[in-house]
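Here the structure comes first, spelled out in structure tokens, and everything after it is commentary.
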Amino acid sequence: MMDPKARRLIWAHIQVLAETAGVAMRAPEVLANSHLALQAAEFARENGKGDTFDERVYKAYFTEGLNIGLQGVLGDLATDVGLERSAQDSALESQRYAPRLERDAQLAHQRGVSGVPAFFLGEYSFTGAQSEEMMREILRRYVARADTAK
């Protein structure tokens, strides 16, 4: 469990980055286990609602304070974006997407990912909340390196 003072400092930094980017975000009161939400997101992607569902889950967790680790909450969110709740419930109960998530986790581990969010540019990766300026600088350097390699 993270030290409460360290958590407050990290979230203060994240909130500054979010505000600078014009994104509404607050520290969640409940630290949800997101594994079930990740499976629900896979279900949504297969049913053509991946981005819409991702946005709805983000809002639910980071602005509404909902526990996205609960199947009932995820069912409500699925309904909100036009997915069939019972079909999502069946997919989650069967653990249909668990092997896919496990493969993704293994790949992330092999690539040295130690936190979230994680970003990849070719063989390079970096983790953690980054400012827009930092992201632009990393991308600029990557492109410059790629251009010199030609």
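Just so you know, all these numbers are worked out from the coordinates, no wet-lab data involved. Model, not experiment: these values are computed from the prediction. Counting neighbours? That spans all protein chains shown, and the Cβs are built from the backbone with ideal geometry, glycine included.
Between SER90 and GLN110, what FRET efficiency follows from the Cβ-Cβ distance if R0 is 30 Å, with the result rounded to 0.05?
Computed FRET efficiency for SER90 and GLN110: 0.40.
Looking only at LEU121, LEU31, LEU101, which one moves most when the chain is put into a Gaussian network model with springs between Cα atoms under 10 Å?
Highest fluctuation of the listed residues: LEU121.
In nm, to one decimal, how far is the ARG100 label point from the MET135 one, both placed 7 Å along Cα→Cβ?
For ARG100 paired with MET135, the spin-label model returns 2.4 nm.
Fewest Cβ neighbours within 10 Å first, please rank HIS109, HIS35 accordingly.
The order, fewest Cβ neighbours first, is HIS109, HIS35.
Kindly state, to the nearest 0.05, the FRET efficiency for LYS150 paired with PHE119, given R0 = 30 Å and r defined as their beta-carbon distance.
0.85
What does the charge count around ARG7 come to, taking other residues whose C-beta lies under 15 Å from its C-beta (Lys +1, Arg +1, Asp -1, Glu -1)? Present the calculation step by step, with values, prior to reporting the outcome.
Working: positive: LYS5, ARG8, ARG26; negative: ASP3, GLU29.
Value of the local net charge: +1.
Round to a whole angstrom and tell me the spacing of the C-alpha centers of segment 110-145 and segment 7-79.
Cα centroid of segment 110-145 versus Cα centroid of segment 7-79: 22 Å apart.
If segment 32-110 were replaced by its equivalent ellipsoid, with semi-axes equal to the square roots of 5 times the Cα gyration tensor eigenvalues, what would those be, largest first, whole Å?
Working: eigenvalues 73, 44, 27 Å².
Equivalent ellipsoid of segment 32-110: 19, 15, 12 Å, largest first.
Between the helical axis of 98-110 and the dominant principal axis of the chain, each derived from Cα atoms, what acute angle in degrees is found, rounded to the nearest 10?
The two axes meet at around 20 degrees.
So if the hydrodynamic radius of the chain is defined as the Kirkwood radius over C-alpha pairs, what does Stokes-Einstein give as its diffusion coefficient at 20 °C and 1.002 mPa s, in µm² per second?
Working: Rh = 17.4 Å.
Estimated via Stokes-Einstein, D reaches 123 µm²/s.
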